[in-house]
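Taking it in order: structure first as structure tokens, then the write-up.
Computed from the coordinates by the stated procedures, all read-outs in this text should not be read as laboratory data. Just so we're clear, the structure is a prediction, and the values are computed from it rather than from any experiment. Methodologically, a virtual Cβ is constructed for each residue, glycine included, from the backbone with ideal geometry; neighbour enumeration extends over all protein chains shown.
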Amino acid sequence: GIQVEQSPPDLILQEGANSTLRCNFSDSVNNLQWFHQNPWGQLINLFYIPSGTKQNGRLSATTVATERYSLLYISSSQTTDSGVYFCAVDSNTGKLIFGQGTTLQVKP
Amino acid sequence: DGGITQSPKYLFRKEGQNVTLSCEQNLNHDAMYWYRQDPGQGLRLIYYSQIVNDFQKGDIAEGYSVSREKKESFPLTVTSAQKNPTAFYLCASSIDATGLAGQLEQFFGPGTRLTVL
């Protein structure tokens, strides 16, 4: 089945810094989502982005489907950005496969 | 208020007991999913349903059972056959499972934390 790798596994930032999270996948996909899991466990949808570029406020994402990777950019990070960021993909099976996540800590 | 609800938020079970986790959605989505998350890990798919009265096993279905009698509801039963049931369980839904782009995006409920005593 399709493999999903996220990097880095852990990231510590000072408030105001920028960061880039990466997601590599092993096969072509028809669904790619980025999520933020808050401290209470809720998964918040950030982007649905099987290809192309999207922006939402301080967050943006780019998926290069032909090279099988996606990037999540966080600019001017805030302490509320802390948590775990997951990438999940589907290769036309109807099933999302999750990466192991990147744990982000933003210090004030 | 549209969304996905899960109950209970916390559940404690004695070994040997079956328990049922509730998942309801009022988004009129056809597809529904159950995932399990262990500490420090990503989510793994237990079961999914693309339409009423039909469901398929995911990657870790052993020890679990589901039903899909109504479009809005997809309950998950954790049976006594599940050897390590303590985990965080998340339910999700999407407009479709394998249809047009834009209909595949999954949305998640708040989760149920199950602890076996």
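Which of the aspartates and glutamates could a cross-linker bridge to A:Lys107, judged by Cα under 20 Å and excluding same-chain residues fewer than eight apart?
Counting by Cα, and skipping residues close in sequence, A:Lys107 has these aspartates and glutamates nearby: A:Asp10, A:Glu15, A:Asp81.
Between B:Thr115 and A:Ile2, what FRET efficiency follows from the Cβ-Cβ distance if R0 is 45 Å, with the result rounded to 0.05?
So the FRET efficiency works out to roughly 0.90.
Taking DSSP loops as anything outside H, G, I, E and B, show the longest stretch in chain B free of trypsin sites (Lys or Arg not before Pro) there with at most 13 other beta carbons within 10 Å.
By the stated rule (loop sites, at most 13 other Cβ atoms within 10 Å), B:15-82.
For a quick size check, give me the Cα extents of chain B along its three principal axes, largest first, whole Å.
Principal extents (largest minus smallest coordinate, Cα): 43, 29, 28 Å.
Check which residues have an amide H placed less than 5 Å from B:Gly63's amide H, if you skip close sequence neighbours.
Placed amide hydrogens put nothing under 5 Å from B:Gly63.
Once you place label points 7 Å from the Cα toward the Cβ at B:Gln41 and B:Leu27, how far apart are they in nm?
According to this spin-label approximation, the distance is 2.4 nm.
Positive end of the charge dipole of the protein assembly as shown (Lys, Arg +1 and Asp, Glu -1 on Cβ, about the Cα centre): tell me which of A:Ser76, B:Val19, A:Asn30 has its Cα farthest that way.
In the protein assembly as shown, that residue is B:Val19.
Test of understanding: extend the Cα→C-beta vector of A:Trp40 to 7 Å, then name every residue of the stretch B:3-20 with backbone N under 18 Å from that spot.
Those under the cut-off are B:3-11.
Note down the nm distance, to one decimal, between modelled labels 7 Å out along Cα→Cβ at B:Asp96 and at A:Gln105.
So the label points at B:Asp96 and A:Gln105 sit 4.4 nm apart.
To one decimal place, what Kirkwood hydrodynamic radius in Å is obtained for the stretch A:1-58 from all pairs of distinct Cα atoms?
13.6 Å
PRE reach from B:Gln103 (point 7 Å along Cα→Cβ): which of the stretch A:30-49 fall under 20 Å by backbone N?
Flagged as within label range: A:30-33, A:48-49.
Taking the Cα centre of the stretch A:1-97 as origin, sum charge times position over the Cβ atoms of Lys and Arg (+1) and Asp and Glu (-1), and report the length of that vector in debye to the nearest 20. Write out the running numbers ahead of the final one.
Values: 5 positive and 7 negative charges, 37 e Å.
In debye, rounded to 20, the stretch A:1-97 gives about 180.
Cα atoms only: what Rg and Dmax, in Å, come out for the protein assembly as shown?
Considering the protein assembly as shown through its Cα atoms, Rg and Dmax are 17.4, 51 Å.
What does the average come to when, for each residue of peptide B:42-51, you count the partner chain Cβ atoms lying within 10 Å of its Cβ?
Mean shielding by partner chains, rounded to a whole number: 4.
In whole Hz, what ³J(HN,Hα) sequence does the stretch B:83-92 give by Karplus (6.51, -1.76, 1.60; θ = phi - 60°), x for Gly and Pro?
6, 10, x, 5, 5, 9, 10, 10, 9, 9
Scan the stretch A:1-90 for trypsin sites (Lys or Arg not before Pro) in coil per DSSP, keeping those whose Cβ has at most 12 other Cβ atoms within 10 Å, and list them by number.
none
Please give the net charge around A:Arg22, taking every other residue with its beta carbon less than 15 angstrom from that of A:Arg22, where Lys and Arg add +1 and Asp and Glu add -1.
-2
Would you calculate the volume per residue, in Å³, of the smallest convex hull containing every Cα atom of the stretch A:48-107?
Enclosed volume per residue, from the Cα hull, is 94 Å³.
Treat each spin label as a single point 7 Å out from the Cα along the C-beta direction, and report the A:Glu67 to B:Thr79 distance in nm.
4.8 nm
When Cβ neighbours within 10 Å are restricted to other protein chains, what is their mean count per residue of peptide A:87-97?
5
Based on the inverse mean of 1/r over its pairs of different Cα atoms, what is the Kirkwood hydrodynamic radius of the stretch A:1-102, in Å?
The answer is 13.6 Å.
Check B:Tyr47: other-chain or 5+ apart residues with amide H under 5 Å from its amide H, H built from backbone geometry?
Answer set, sorted by chain and number: B:Trp34, B:Gly58.
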